[in-house]
Amino acid sequence: VCPCCSCYSLLFCIAPSRTTPTMAESYCADNVIAYNTFDEYPEGVYCPVYSGFFGVMGATSAMIFSALGAGYGTAKSGIGIANMAVMHPELIMKSIIPVVMAGIIAIYGLVVSVLIANGMDGSKYSLFKGFIDLGAGLSVGISGLAAGYAIGVVGDAGVRGTGQQPKLFVGMILILIFAEVLGLYGLIVALILNTQGGAADCHATCYNPCCPSGACVTVGSPNCA
């Protein structure tokens, strides 16, 4: 049904001319300057006091999850090295590569955590920047956790197999490299996110809903521009 004339054709719907002002026009006609809307928060509407929580959680997540992955990879690979070294002690240094690669995962999380912490400014830390830092921390942290788990499983089985078949060593290294780059992918994404800036100013500009442009009016010029 046509809302204009209650007929069943929308092709010839012509809205009637409106002579009575709307509610918004009635309010704005009295005193436009009274509807100037200002940012009433001392810290700024774009930089609430709780925005730092997300940044801190991002830095914490980057360090905790990457350290968990590195710890699991080191422990799991170390068990395999210890068992293999009983029969082949000459292969200990050659089989230490999984442990080194697992330790690098924690460095990824440390780098991102330090970048997030250095970028936090209590006086002008926006909520958008807090979300960005949280995403960066989770990106490198959970990616490092997955990479560390993969390195631990592959390193444990790889060094045991290398002790029995030395030709397996090259294949083990290739698998470890592909497991390592999982954490590198998370580091790249985290660095890209960390370069994104937040709001240039924590305080929102004055806004007047009665003016079509949204700009506030002053006492000298009480009408909309």
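Once amide H atoms are built 1.01 Å from N in the peptide plane, which residues 5 or more positions from THR37, or in another chain, come under 5 Å H to H?
For THR37, the qualifying residues are TYR207, ASN208.
For the range 79-188, report the translational diffusion coefficient in µm²/s to the nearest whole number, using Stokes-Einstein at 37 °C, 0.692 mPa s, and a Kirkwood Rh over Cα pairs. Spell out each step's value before the answer.
Numbers: Rh = 15.4 Å.
In µm²/s, the coefficient is 213.
Ignoring any ligand, DNA or RNA, what whole percent of the accessible area of the range 63-130 comes from carbon and sulfur when the probe is 1.4 angstrom?
Roughly 76 percent of what the probe reaches on the range 63-130 is carbon or sulfur.
Using a 1.4 Å probe, what is the accessible area per residue for the range 93-203, in Å²?
50
Between LEU134, CYS216, GLY163, whose Cα lies farthest towards the positive end of the dipole of the range 85-225 when Lys and Arg beta carbons carry +1 and Asp and Glu beta carbons carry -1, centred on the Cα centre?
Positive-end residue among those listed: GLY163.
Which percent of the accessible area of the range 137-204 is formed by carbon and sulfur heavy atoms (probe 1.4 angstrom)?
Carbon-and-sulfur percentage of accessible area, whole number: 73.
Students often forget the sequence filter, so: which lysines lie under 27 Å Cα-Cα from LYS94 once same-chain residues fewer than 8 apart are removed?
The qualifying lysines are LYS76, LYS167.
Mind checking which of THR205, ASN118, VAL181 is farthest towards the positive end of the range 75-225's charge dipole, using Cβ charges of +1 (Lys, Arg) and -1 (Asp, Glu) about the Cα centre?
About the Cα centre, the residue reaching furthest to the positive side is VAL181.
The values are calculated or read from the model by the stated rules, or taken from the named source; none is laboratory data. Computed from a prediction, not measured in an experiment: that's the story for all the values here. As a convention, Cβ positions derive from the backbone with ideal geometry for all residues, glycine included, and neighbour counts pool all protein chains shown. Ligands, DNA and RNA are stripped out before the accessible areas are found, and what is left, the full protein with its side chains, is counted by its heavy atoms. Shrake-Rupley method; radii C 1.70, N 1.55, O 1.52, S 1.80 Å.
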